[in-house]
Amino acid sequence: MSRNWARLPERGSPLALWLIRSIALYLGRPVARLLLYPITLYFLIAAGDARRSSRRYLRRALGREPGWPQLFRHIHWFSATILDRVYFLTGRLDHFQIEIVGGQAILDQLRSGRGCILLGSHLGSFEALRAVGASLPDFPIKILMNVEHNRALTRLFEALNPELARAIIPIGRPETLLAVQESVSRGCLIGALGDRVAQDDKTVRCQFFGRETAFPIGPILLAALMECPVVLCFGLYRGGNRYDVHFEKLAEKIALEPRRRQEQLGVWVQRYADRLEHYARLAPYNWFNFYDYWSEDAP
Amino acid sequence: MQPLSPFELEVARLLVDTLHLEDVKPEEIAPEEPLFGEGLGLDSIDALELALAISKTYGFQLRSDDKENRRVFASLRALSQHIQQQRVL
């Protein structure tokens, strides 16, 4: 996939964040959701690049040419999950009907007392995971995040849930992953998103929706080095107030032989890409990578 | 350029082998150059992998809460000095 997302103008300016938060918390979800319609219409017309990326993606996911209703719905569901993020992060979970699928995978992991990589994506809402965490007595989690590229999101976390903001481990410093390893050995789950490539990421080419694109190898390599399992997590929005949170064990252990390392990493990352594609077909309007994902605009 | 001490060369070999740096020769690593970001261009995954190899080879753990980390990872020379002070193997 291309690295273009990092160059997108940040739409999450401090003013926009303040506005979303105020509307969400003071006007309430029903009123806020009415406002999503004009907002969606505005972005559908004004954000040409996002619309083109949406069209390309939907063509693949739906297997036919998307029309304006499908494009509208895609952006509408994106904005709906952004709004709901405010409720998830502030612990207002009573708004939602949340179905957990494959929850045993995560319960087993927590019971084992060993940490794991909880590998998610920008498909749907990773924050829906908060609802799962709230339903358990103990849910130790830290989130690996490229803070440089997610300033708006980091600010939102800080404003809405300072405790959660402290659970973010910024990627980039040499000692970052030493901290992660120590957390895993204490039984902590390490949330990471595996579908976007940042500037200096090492990548591998994978088939995704029948076309080759690059995926980062970081999360899988990290699990291999720490000798910990990888559990997949997809929080899919189903419309209205419904979310389905899917868990699935990807690997108990990632074993790499020094000579075949790149090839073996490629196999695991491809398995992640396959599951990502599977869930994207299951919930096509949850794809929230609104940029040139397959680098089709590259010269 | 100041040559590497024998121990620095040993650490440089460990670094190159562990991280599969195919286009880097151990004896050509500048001892005072940064290892991360600029310089050798290592990232935080490389740092973890290197820390694991150091723990296996020299028998001590690099800890994330060590205030010295910034200095330890600053260059091959700083890293080698730190290993020499901390090693138990």
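Taking the stated definitions as given, is A:Ile106 touching a strand residue (DSSP E or B) at 6+ places or on another chain (Cβ under 8 Å) and more than 18 Å from A:Asn286 (Cβ to Cβ)?
Numbers: touching a strand residue (DSSP E or B) at 6+ places or on another chain (Cβ under 8 Å): yes; more than 18 Å from A:Asn286 (Cβ to Cβ): yes.
Here the answer is yes, as A:Ile106 does meet what is asked.
Only one of the numbered conditions (1) of a type outside the set (A, V, I, L, M); (2) open to solvent by 70 Å² or more (accessible area, probe 1.4 Å); (3) more than 18 Å from A:Ala192 (Cα to Cα) is violated by A:Lys249, and that is (3). Of the candidates A:Val86, A:Val101, the single residue that is among the β-branched types (Val, Ile, Thr) and open to solvent by 50 Å² or more (accessible area, probe 1.4 Å) is A:Val101.
Could you tell me whether the range A:286-298 includes any residue that is more than 27 Å from B:Leu21 (Cα to Cα) and in a helix (DSSP H, G or I)? Within the range A:286-298 (the criterion being more than 27 Å from B:Leu21 (Cα to Cα) and in a helix (DSSP H, G or I)), the answer is yes, since at least one residue qualifies.
Selection over the range A:231-245 of residues that are under 19 Å from A:Asp108 (Cα atoms) and basic (Lys, Arg) gives a count of 0. Counting residues in the range A:169-183 that are away from chain B (no Cβ under 13 Å) and either open to solvent by 30 Å² or more (accessible area, probe 1.4 Å) or not in a helix (DSSP H, G or I) (or both) gives zero. Of all residues in the range A:215-226, exactly one satisfies the criterion of being more than 10 Å from chain B (Cβ to nearest Cβ) and farther than 18 Å from A:Asp274 by Cα, namely A:Ala223. A residue that is under 23 Å from A:Thr81 (Cα atoms) and under 16 Å from the mean Cα position of the chain (by Cα) occurs somewhere in the range A:209-232. The number of residues in the range A:118-168 being in contact (Cβ under 8 Å) with a residue 12 or more places away in the chain, among the polar types (S, T, N, Q) and assigned to a helix (DSSP H, G or I) comes to 1.
Being away from chain A (no Cβ under 11 Å), open to solvent by less than 50 Å² (accessible area, probe 1.4 Å), farther than 25 Å from A:Gly172 by Cβ and without any contact (Cβ under 8 Å) to a residue 24 or more places away in the chain is the requirement here; does B:Leu9 meet it? Full working, then the answer.
On the way: away from chain A (no Cβ under 11 Å): yes; open to solvent by less than 50 Å² (accessible area, probe 1.4 Å): yes; farther than 25 Å from A:Gly172 by Cβ: yes; without any contact (Cβ under 8 Å) to a residue 24 or more places away in the chain: yes.
The answer is yes for B:Leu9.
Only residues that are in contact with a Ser or Thr (Cβ under 9 Å, 6 or more places away or on another chain) and among the charged types (D, E, K, R) were counted across the range A:74-112, and they come to 2.
Out of the range B:9-40, which residues are among the acidic types (Asp, Glu) and over 16 Å from B:Ala51 (Cα atoms)? Correct list: B:Glu22, B:Asp23, B:Glu27, B:Glu28, B:Glu32, B:Glu33, B:Glu38. Checking each residue of the range A:213-228 against the condition of being open to solvent by 10 Å² or more (accessible area, probe 1.4 Å), outside any strand (DSSP E or B) and within 22 Å of A:Arg130 (Cα to Cα) gives at least one match.
With the structure loaded, tell me whether A:Val204 is in contact with a helix residue (DSSP H, G or I) (Cβ under 7 Å, 6 or more places away or on another chain), touching a residue at least 40 places away in the same chain (Cβ under 8 Å) and under 17 Å from A:Ile106 (Cα atoms) or whether it fails that test. In short, no.
Yes or no: the range B:59-82 includes at least one residue that is in contact (Cβ under 8 Å) with a residue 60 or more places away in the chain, open to solvent by 20 Å² or more (accessible area, probe 1.4 Å) and of a type in the set (D, E, K, R). Yes, that holds for at least one residue. Could you look through the range A:187-204, keep only residues that are within 12 Å of chain B (Cβ to nearest Cβ) and surrounded by fewer than 19 Cβ atoms within 10 Å (Cβ to Cβ), and pick out the one that is nearest to the chain's Cα centre (by Cα)? This residue is A:Ala198. Considering the range A:45-78, the residues that are surrounded by 18 or more Cβ atoms within 10 Å (Cβ to Cβ) and closer than 24 Å to A:Trp18 by Cβ include one that is modelled with the lowest pLDDT, namely A:Ala50. Would you confirm whether any residue within the range B:35-56 is more than 10 Å from the chain's Cα centre (by Cα), more than 13 Å from every other protein chain (Cβ to nearest Cβ) and either open to solvent by 20 Å² or more (accessible area, probe 1.4 Å) or in contact (Cβ under 8 Å) with a residue 24 or more places away in the chain (or both)? No: the range B:35-56 contains no residue that is more than 10 Å from the chain's Cα centre (by Cα), more than 13 Å from every other protein chain (Cβ to nearest Cβ) and either open to solvent by 20 Å² or more (accessible area, probe 1.4 Å) or in contact (Cβ under 8 Å) with a residue 24 or more places away in the chain (or both).
Taken together, the criteria exclude A:Asp292 from residues that are more than 12 Å from A:Leu119 (Cβ to Cβ), of a type outside the set (Gly, Ala, Ser), open to solvent by 60 Å² or more (accessible area, probe 1.4 Å) and out of contact with any Cys (no Cβ under 6 Å at 6 or more places or on another chain). Kindly evaluate B:Glu27 against the criterion of being away from every other protein chain (no Cβ under 11 Å), on the phi < 0 side of the Ramachandran plot, open to solvent by 30 Å² or more (accessible area, probe 1.4 Å) and modelled with pLDDT of 90 or more. Here the answer is yes, as B:Glu27 does meet what is asked.
The values are calculated or read from the model by the stated rules, or taken from the named source; none is laboratory data. Remember, it's a predicted structure, so these values are computed and weren't measured experimentally. When we count neighbours, we look across all protein chains shown, and the Cβ atoms used for this are built from the backbone with ideal geometry, even at glycine. Just so you know, the surface numbers come from the protein's heavy atoms only, side chains and all, with ligands and any DNA or RNA stripped out. Shrake-Rupley method; radii C 1.70, N 1.55, O 1.52, S 1.80 Å.
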